[in-house]
Amino acid sequence: MADGARLTTVEDVREDGSFLFTATNSFDMEEEVIVVPCDEEVAADGGAPVDGEGGVAAWINRCTHEAQRFDTGRGVPMRGGEIICPKHGSMFDACSGECDNGEAAGTTLPDVDVTVDDGDVFLTDDEYTFEHEGGVDDGDDGPSSTSHVGF
Ligand code: FES
């Protein structure tokens, strides 16, 4: 069993298309993280953790061009193994996080380490602590909570 918070299963990520959760980073700020299907064995730069059971990678839910969420509450827009930015349409490789087109060309998404163990997906990144499923706002008690990272 992997050492970390259990997030979801590979099967669910693949069925639903993506999985969104909120984690606290090492600066004690909340970040949204997306888990997406990835079919490659290993990401080129070692950024995206994938194992033989196949198939997921995790990234910060924010475009590198502007502070635009990929998953705005309806899942991550994807096509052909690429994450599509809903604002200007740049596409990022779901396995490597790299973008070679549009406004975000030449950038790579910040990665978050996850590990697959027996079909379950665990958060295994020392820099992040699991908070809850869904986006930052999904963990609010009400609209008065303002201790968020600004997007
Ligand atoms: S905000 Fe994503 S490409 Fe511009």
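The values are calculated or read from the model by the stated rules, or taken from the named source; none is laboratory data. Since we're looking at a predicted model, the values are computed, not measured. So basically every Cβ, Gly included, is an ideal-geometry build from the backbone, and we count neighbours across all protein chains shown. Accessible surface is based on the protein model in full, side chains and every heavy atom, while ligands, DNA and RNA are left aside. Shrake-Rupley method; radii C 1.70, N 1.55, O 1.52, S 1.80 Å.
If I ask for residues that are assigned to a strand (DSSP E or B), aliphatic (A, V, I, L, M) and within 16 Å of the ligand (Cβ to nearest atom), which ones from the stretch 108-128 would you list?
Hits for the stretch 108-128: nothing passes.
Any idea which of (1) within 20 Å of THR22 (Cβ to Cβ); (2) of a type in the set (Gly, Ala, Ser); (3) part of a loop (DSSP other than H, G, I, E, B) is the one ALA58 doesn't satisfy?
(3)
Every residue in the stretch 58-84 that is touching a Leu at 6+ places or on another chain (Cβ under 7 Å) and within 10 Å of the ligand (Cβ to nearest atom), please.
Filtering the stretch 58-84 down to residues touching a Leu at 6+ places or on another chain (Cβ under 7 Å) leaves 59-61, 64, 71.
Once the filter is applied, which keeps residues that are touching a Leu at 6+ places or on another chain (Cβ under 7 Å) and within 10 Å of the ligand (Cβ to nearest atom), the stretch 58-84 yields only THR64.
Have a look at GLU66, GLU103, GLU98 and point out the one that is in contact with a Lys or Arg (Cβ under 7 Å, 6 or more places away or on another chain) and not basic (Lys, Arg).
Numbers: GLU103 fails: in contact with a Lys or Arg (Cβ under 7 Å, 6 or more places away or on another chain); GLU98 fails: in contact with a Lys or Arg (Cβ under 7 Å, 6 or more places away or on another chain).
Of the residues listed, the single one that is in contact with a Lys or Arg (Cβ under 7 Å, 6 or more places away or on another chain) and not basic (Lys, Arg) is GLU66.
Residue-by-condition table, conditions (1) polar (S, T, N, Q); (2) open to solvent by 50 Å² or more (accessible area, probe 1.4 Å); (3) in a strand (DSSP E or B):
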site: HIS65; (1), (2), (3): no, yes, no
site: GLN68; (1), (2), (3): yes, no, no
site: THR72; (1), (2), (3): yes, yes, no
site: GLY75; (1), (2), (3): no, no, no
site: ILE83; (1), (2), (3): no, no, yes
site: GLY89; (1), (2), (3): no, no, no
site: GLY106; (1), (2), (3): no, yes, no
site: PHE130; (1), (2), (3): no, yes, yes
